[in-house]
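Okay, structure first, notes after.
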Amino acid sequence: MRLSYENKLLAILALSFGFVFFDRLALSFLFPFMAAELRLSPAHLGMLASALALTWSLSGLGLGAWSDRRGVKKPMLVAAVLAFSLFSAASGLVAGFLSLLLFRALMGVAEGPVLPISQSLLAAASTPARRGFNMGIVNGSAPGLLGAVLGPPLLVALAESYGWRAAFYLSCLPGLLIAWLAWRHVREPAPAPASAGRGGGFVQLLGERNILLCVLIACSYITWFIILISFTPTFLIQVKGMSPQAMGAVMSSLGFAWVAWGALVPAISDRIGRKPAMVAFSLIAACCPLVLLEVDRMAWLLPLVFLSYTGLGCFTLFMATIPAETVSPRRIATALGMIMGVGELAGGFVAPTVAGFAADRYGLSIVMWIAMVGALLPALLSLGLRETAPLRLRPRGAALEAERALR
């Protein structure tokens, strides 16, 4: 049975962005193996993560817009996948902190445009009834599966068997294969007519209420995500007194929840609408830090963490689906790059540093309260969103598409 182009594209783009997170998170898993040899401290790990977040955000912001202006998607996607794979492998060549910082920063430059370009390609190829689900697989489930579920045991096993440098070298091989698949099978979208959508840049995009709200939501929601993924292991061991094995079980529960909710939330939003899904699942996501704070028994903690870690499904909606259904096709990558870029600057670059200082002063538990607020604010902001789900707007769908084409 031959795959439709929609499904073939979905598989390639899911692998592409999945391995973006595989390579992005690889340093966290390999850090214990390399820290002594390179004389690295936890402060160095924080700086490395911040440098990648900074270059990722700026690259997504600039290169996403450039791809829209030039109408070039496929070659840029292939080049980005090749580049981030090679820069990740180059991390195995380093002799100290500065060279590692350089390669991680360059990797952020390469990875930044992958998501906005991928989602703009997917928006053009997806049937309206599957748009949210498709985007959820790429934006949520694939990075969760490859980066948070399969990545840790695979990289640790490679590092234990062959050394951390070999683990970095071998991590580039899937990226080379994905780049070839993208070059072989991805089609360049047909150029939109020059009249399809106004010109203008970031300021004009912010004039769209949905886009402005999605930018604000991204700043808060990425704070929720980065704080939980960065501080939870240390919080569970130092504050809750868990063993490393118990901590690993909780983190695995987060990883499996990332995969499941990453697909389920967008799929549910295809049926009930983007706005109610954003509000409801953001409120549930705000409960996840409270569960980590208050629940001690593992028999309750693991299922409650899984059930409450719903926010990664919302990421697809505010970072891809809602913007793609709000602006014209000629401006999708620009809008997505802006939302991701500004959100990464606030939530990925600034927030972890602020949370770290707060933890030093008030104790590690404060980071969970910060994370809770990071999910509550998106729930409130989502009340102002205009609904964009095609099935919810079917009676006036034709009028909506005509209006969107003019934006």
Segment 215-285-segment 100-118 distance, computed between alpha-carbon centres (Å): 23
Would you mind computing, in nm to one decimal, how far apart the modelled labels at His185 and Ala157 are, each placed 7 Å from Cα along Cα→Cβ? 2.4
Given labels modelled 7 Å from the Cα in the Cβ direction, how far is it in nm from Val203 to Ala36? 5.7
I need the phi-derived Karplus couplings for segment 43-53: 6.51 cos²θ - 1.76 cosθ + 1.60, θ = phi - 60°, integer Hz, Gly and Pro marked x. 4, 5, 4, x, 5, 5, 5, 5, 4, 5, 4
Given springs between every Cα pair under 10 Å in a Gaussian network model of the chain, which of Arg70, Arg24, Arg271 has the largest fluctuation? Arg70
Pairwise FRET efficiency - Leu45 versus Trp66, Cβ, R0 = 25 Å, nearest 0.05: 0.20
Grab the other residues whose beta carbon is less than 12 angstrom from that of Ala277, score K and R as +1, D and E as -1, and report the net. +2
Options Leu52, Thr353, Ala246, ranked by Cα towards positive dipole end of the chain, top entry (Cβ charges): Leu52
Less than 18 Å from a label point 7 Å out along the Cα-to-Cβ axis of Leu383: which backbone N atoms in segment 259-296 qualify, by residue? 274-287
Full extension from Leu93 to Trp300: what is 0.36 nm times the residue separation minus their Cα-Cα distance, to one decimal in nm? 70.1 nm
Given R₀ = 60 Å, FRET efficiency for Ala79-Thr234 by Cβ-Cβ distance, to 0.05? 0.95
Which number comes out as Rg/Rh for segment 152-266 once both Rg and the Kirkwood Rh are worked out on C-alpha atoms? 1.11
Would you compute, from DSSP H runs of 4+ residues alone, the mean residue ellipticity of the chain at 222 nm, taking -39500 (n - 2.57) per run and dividing by the full residue count, rounded to the nearest 500? -24000 deg cm²/dmol
Considering Cα pairs under 8 angstrom that are at least six residues apart, work out the relative contact order of the chain and quote it in whole percent. 27
Can you give the FRET efficiency for Ala129 and Leu3, using 1/(1 + (r/R0)^6), R0 = 22 Å, r = Cβ-Cβ distance, to the nearest 0.05? 0.75
Relative contact order for segment 255-393: what percent, with Cα pairs under 8 Å and sequence separation of 6 or more? 41
To make sure I understand, if each residue's beta carbon is the centre and we count other beta carbons within 10 Å, what order do Val354, Val295, Val215, Val114 fall in, fewest to most? Val354, Val295, Val215, Val114
Counting alpha carbon pairs within less than 8 Å and at least 6 residues apart, what relative contact order, in whole percent, applies to segment 43-201? 34
Quick one: the Cα spread of the chain along its three principal axes, in angstroms, biggest first? 59, 45, 43
Exposure proxy ranking, count of Cβ atoms within 10 Å, fewest first, for Trp56, Trp300, Trp66: Trp300, Trp66, Trp56
Using 11 Å as the cut-off for backbone N distance, which residues of segment 83-108 belong to the label zone defined by a point 7 Å from the Cα of Leu176 along Cα→Cβ? 86
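None of the figures in this text is laboratory data; all of them are computed from the coordinates on show. Note that the coordinates shown come from a computational prediction; the quantities given were computed from them, not determined experimentally. With ideal geometry, Cβ positions are generated from the backbone for all residues, glycine too; neighbour counts draw on all protein chains shown.
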